[in-house]
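Heads up, the thing below is written out as structure tokens.
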Amino acid sequence: SQQGEEDPQALSIQEGENATMNCSYKTSINNLQWYRQNSGRGLVHLILIRSNEREKHSGRLRVTLDTSKKSSSLLITASRAADTASYFCATAPQGGSEKLVFGKGTKLTVNP
Amino acid sequence: NAGVTQTPKFQVLKTGQSMTLQCAQDMNHEYMSWYRQDPGMGLRLIHYSVGAGITDQGEVPNGYNVSRSTTEDFPLRLLSAAPSQTSVYFCASSRTAFTYNSPLHFGNGTRLTVT
């Protein structure tokens, strides 16, 4: 069954605005990862945050992790039309890290 | 480097036919896996391998077989195709067997239709 659930399912914003996507999960994890998928393509890894980390940055991306609430958020600042894609969180459960479990994704549309 | 290569890109099968989806990586990754992606379901793990000669089941293994005779290749076999196996299949690999620090690298997928 799905470990992570993204919220919202779909998000439409204007270029230059910030986009925030949330992920909730059910069991204890070793790490949480965010991936992007452009239409018709494979997933591309964006950022990995370990269970003992609270925040990570990579360029215009900021990821937070709250293990007490079992939730994470992905913030994309100053969005561009090229950021239009689906975004997935994936969790590596403790005791089963060989099985990276994906959520259903958030479809982001950035309008020029 | 080519990364993760999947073939074919598209395939149409009739119910009951068998076929093999190919996956190869040239990054000397220990870990390889197969996912299927269905609308509204996200990605679900079918099978995975933590090294040559070692495979294990994921969340939805029924109807699929895998083998890992080399580090580079991880083919997925559909034994007797069913319409429920219509999906997009992704192969992914990572440097280490445990995903503590190693992200997955994905191929571009195989779109399979079973009629």
Query raised in the report: How many of the residues making up the range B:61-106 are within 12 Å of B:LEU21 (Cα to Cα) and within 11 Å of chain A (Cβ to nearest Cβ)?
Result: 4
Query raised in the report: Considering only the range B:49-60, how many residues are within 13 Å of the chain's Cα centre (by Cα) and either away from chain A (no Cβ under 14 Å) or β-branched (Val, Ile, Thr) (or both)?
Result: 2
Query raised in the report: If you take the residues of the range A:97-112 that are more than 10 Å from every other protein chain (Cβ to nearest Cβ) and either farther than 14 Å from A:GLY4 by Cβ or surrounded by fewer than 18 Cβ atoms within 10 Å (Cβ to Cβ) (or both), which of them is modelled with the lowest pLDDT?
Result: A:PRO112
**Report entry** From A:LEU32, A:LEU48, residue being under 21 Å from B:ARG95 (Cα atoms), part of a strand (DSSP E or B), of a type outside the set (Asp, Glu) and touching a Cys at 6+ places or on another chain (Cβ under 8 Å)
**Finding:** A:LEU32
Requested in this report: Give the range B:57-96 a look and list any residue that's closer than 17 Å to A:GLU98 by Cβ and either surrounded by fewer than 14 Cβ atoms within 10 Å (Cβ to Cβ) or touching a residue at least 60 places away in the same chain (Cβ under 8 Å) (or both), or say none.
Outcome: B:PHE90, B:CYS91, B:ALA92, B:SER93, B:SER94, B:ARG95, B:THR96
Report summary line: Counting only residues in the range A:12-29 that are small (Gly, Ala, Ser) and assigned to a loop (DSSP other than H, G, I, E, B), the one nearest to the chain's Cα centre (by Cα) is identified as A:SER28
Report summary line: Scanning the range B:18-48 for residues that are more than 9 Å from chain A (Cβ to nearest Cβ), crowded, with 21+ Cβ neighbours inside 10 Å and of a type outside the set (Phe, Trp, Tyr), the one nearest to B:LEU78 (Cα to Cα) turns out to be B:LEU21
Query raised in the report: When only residues in the range B:51-92 that are part of a loop (DSSP other than H, G, I, E, B) and acidic (Asp, Glu) count, which is nearest to B:VAL12 (Cα to Cα)?
Result: B:GLU59
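The values are calculated or read from the model by the stated rules, or taken from the named source; none is laboratory data. Quantities reported herein were computed from a predicted structural model and do not represent experimental measurements. When we count neighbours, we look across all protein chains shown, and the Cβ atoms used for this are built from the backbone with ideal geometry, even at glycine.
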